1. From the convex hull of the Cα coordinates of the chain, what is the mean projected area in square nanometres?
2. Would you mind telling me the share, in percent, of accessible area of segment 20-84 contributed by carbon and sulfur at probe 1.4 angstrom?
3. Dividing the alpha-carbon Rg of segment 112-202 by 2.2 N^0.38 Å yields what?
4. Show me, for segment 150-157, the HN-Hα J-couplings you get by feeding each phi into the Karplus relation (A = 6.51, B = -1.76, C = 1.60, θ = phi - 60°), rounded to Hz, glycine and proline as x.
5. I'd like to check one number: the per residue accessible area of the chain, probe 1.4 Å, reported in Å² as a whole number.
6. When all protein chains stay in place, what accessible area (Å², nearest 10, 1.4 Å probe) is found for Asp162?
7. Stretch Asp125-Leu74 to full length: gain in nm at 0.36 nm per residue minus the Cα-Cα span?
8. Between Glu138 and Ala22, what is the label-point separation in nm under the 7 Å Cα-to-beta-carbon projection?
Amino acid sequence: MSQIALPLAPESAGPSRIVVGAANAHVAEALARPESWPFRTAVLTGPSRSGKSLLARWFAESGRGEAIDDARSLDEAQIFHRWNRAQEEGRALLIIGGEPPWDITLPDLRSRLGAALQLEIGLPDDEMAEELLHILAEQRGLPLGADAAAYLVPRAGRSFSDLEKLVAVIDRLSLERKVPATQSIWRAALEAVHGAEEPRLL
């Protein structure tokens, strides 16, 4: 397990680190070597809240190449022109395609991106989920005890957005009840996020 520090100014909003684990280590390794990409182009997809935009920001601000975030929201002809310009200038291009699959209708763009390096972020394993819980809590200034992850990880949903939502609810309940985030708060947060009848709560 490791982390990537983002080269951001002190006043920049949002997370300053990317947790690297089983779900995305292959992506981090590929982004560090854009010279090996076919046509100097890579397409990155993955689940919601999995750090795609953070990786794109790190890639662009580290000077390795250009990144197009949230490419699905852009006109396909615009992406195609940016691909052509990157090719002409010999610059690596990382394109963030959101959650797979990404159905591209423009034939020229579809063929170009189909030949690019395809990268996909997976779901976090237990070790990565534990690290994410602590990072998310730290970003909120939420103290989590050393035994929090041992209780929460086996019971939490296994997605980036589930973990983010869980920490947000723990923080909210702790503030509302004016008590530390201990097991009673963790259980209430799990029930709020996943429902009281979930077997994971037994």
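The values are calculated or read from the model by the stated rules, or taken from the named source; none is laboratory data. The structure displayed is predicted, hence computed values, not measured ones. Neighbour counts run over all protein chains shown; Cβ positions are idealised from the backbone, glycine included. Side chains included, ligands, DNA and RNA excluded: accessible areas come from the protein's heavy atoms. Shrake-Rupley method; radii C 1.70, N 1.55, O 1.52, S 1.80 Å.
1. Projected area, direction-averaged: 12.8 nm².
2. Solvent-exposed carbon and sulfur of segment 20-84 make up 50 percent of the total.
3. Dividing the Cα radius of gyration by 2.2 N^0.38 Å gives 1.25.
4. Working through the residues one at a time gives 4, 7, 7, 4, x, 9, 7, x Hz.
5. 50
6. Surface accessible to solvent at Asp162 totals approximately 40 Å².
7. Extra length from Asp125 to Leu74 when fully extended: 15.1 nm.
8. 2.2
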